[in-house]
1. Report yes if residue 132 is within 30 Å of residue 36 (Cα to Cα) and more than 19 Å from the chain's Cα centre (by Cα), otherwise no.
2. Does residue 57 fit the bill of being at pLDDT 95 or above, surrounded by 13 or more Cβ atoms within 10 Å (Cβ to Cβ) and either in the same structural domain as residue 200 (by TED's automatic domain parsing) or under 18 Å from residue 240 (Cα atoms) (or both)?
3. Across the range 129-140, what is the number of residues that are surrounded by 23 or more Cβ atoms within 10 Å (Cβ to Cβ) and more than 22 Å from residue 237 (Cα to Cα)?
4. Show me the strands (runs of 3 or more DSSP E) entirely contained within the range 69-118 in which 2 or more residues are more than 18 Å from the chain's Cα centre (by Cα) and under 22 Å from residue 135 (Cβ atoms).
5. Anything in the range 186-209 that is outside any strand (DSSP E or B), surrounded by fewer than 18 Cβ atoms within 10 Å (Cβ to Cβ) and in contact (Cβ under 8 Å) with a residue 40 or more places away in the chain? List them, or say none.
6. Which one of these does residue 46 not meet: (1) in a strand (DSSP E or B); (2) under 24 Å from residue 235 (Cα atoms)?
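The values are calculated or read from the model by the stated rules, or taken from the named source; none is laboratory data. Here the structure is a predicted model, which is why all the values come from computation and not from measurement. Here the Cβ is made from the backbone with ideal geometry for all residues, glycine too, and neighbour counts use every protein chain on show.
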């Protein structure tokens, strides 16, 4: 009799949980699906010498603090009202140290990160572009890399970071050298990394044709540069300063990206 009582109690608990999940029995109803992004895709204009903080990734602050500014990849990381976009940025120690600062930013506004001022030049679904206001910070952000390939940089972390993140024109050119020109495709096999001479690694983490979504991670100098979740056909991503559009998801083994004009 006791075993029957226990089984009956477990069944009751399971039934109650099911009713709650369905909104029955007076329980709380499941939250509705988030509304579609109202756009625009981008607000503001990105200057050539801005810091590109990509969705789900981070970049080192040029102030020498060793801290990184990140653009969280969750749906709450950016919002849009049909006219403009806002974004949330965090400052933390790499790679996943405790968050030291969280701020919400708007295009054209100014934000102070660890005592240093930046103009929020642009906010997109896929990135936030910051422009250091102080000349010293702009100079530090544009530090010339000691080497233009990761092989030449070797294990010199300073050289690798400059190659990966510097706004210097030579560094930008090195990052785009192994990426397609506008109109050309980049086919990423799922879990088959695409490496570049500048040290970038892009990998499609999954492709789900049935659900119409895919994932993409980008790494450089031991840093997660971007983590794009739930991408759909037509979405824009950025790799090494190159903008690419996600193609139709027709296979579970590869994701096709097509480079486009910035």
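1. Numbers: within 30 Å of residue 36 (Cα to Cα): no; more than 19 Å from the chain's Cα centre (by Cα): yes.
No: the conditions fail for residue 132.
2. Values: at pLDDT 95 or above: yes; surrounded by 13 or more Cβ atoms within 10 Å (Cβ to Cβ): yes; either in the same structural domain as residue 200 (by TED's automatic domain parsing) or under 18 Å from residue 240 (Cα atoms) (or both): yes.
Judged against the criteria, residue 57 is a match.
3. Adding up the residues that qualify gives 1.
4. On the way: elements: 78-80, 85-92, 99-105, 110-113.
Where strands (runs of 3 or more DSSP E) fall fully within the range 69-118 and carry at least 2 residues being more than 18 Å from the chain's Cα centre (by Cα) and under 22 Å from residue 135 (Cβ atoms), they are 110-113.
5. 197, 209, listed by residue number.
6. Condition (1) is where residue 46 drops out.
To keep it simple, each residue is scored yes or no on (1) surrounded by fewer than 14 Cβ atoms within 10 Å (Cβ to Cβ); (2) closer than 24 Å to residue 55 by Cβ; (3) in the same structural domain as residue 57 (by TED's automatic domain parsing).
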residue: 107; (1), (2), (3): no, yes, yes
residue: 113; (1), (2), (3): no, yes, yes
residue: 127; (1), (2), (3): no, yes, yes
residue: 149; (1), (2), (3): no, no, no
residue: 156; (1), (2), (3): no, no, no
residue: 161; (1), (2), (3): no, yes, no
residue: 164; (1), (2), (3): no, yes, no
residue: 167; (1), (2), (3): no, yes, no
residue: 180; (1), (2), (3): no, yes, no
